[in-house]
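We did not get these values from a lab; they are worked out from the coordinates using the rules stated. Since the structure is predicted, the reported quantities are computational estimates derived from the model, not experimental observations. A quick note on method: Cβ atoms are made from the backbone with ideal geometry, for glycine too, and the neighbour counts reach across all protein chains shown.
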Amino acid sequence: MRQYTDNNQTMAFVGSSGVGKSTLINGLMGQDVFATKAIREDDDKGRHTTTLRQLLKLPTGGIVIDTPGMRELRIQTGDLAKTFEDIEQLAAQCKFKDC
């Protein structure tokens, strides 16, 4: 992921609540910038913590945007295979069967 975080690249983390967006950004920053919560013991799912959007300059020169969790994301039109080509390539290398 670091290849996308330098040379003034801008990236945004978007996803469901509690999936680890802020945790990833804390790792990229090299310090705990955002509050995070432990996963729930009863269902091993994350907890909603982020409540507003924030833009940060990373130590590597890139820019990252943290967003609150989304309940649903729908893409009505477009070529999903082309739009998410890089994600499909990464998913093919995933060690889990539900990537």
Taking amide H positions as placed in the peptide plane 1.01 Å from N, state which residues far from MET11 in sequence (5 or more) or on other chains have amide H under 5 Å from it.
ILE63, VAL64, ILE65
Using the 10 angstrom Cβ neighbour count as an exposure proxy, how do PHE96, PHE34 rank, fewest first?
PHE96, PHE34
Proxy reagent accessibility, fewest Cβ within 10 Å first, across ILE65, ILE25
ILE65, ILE25
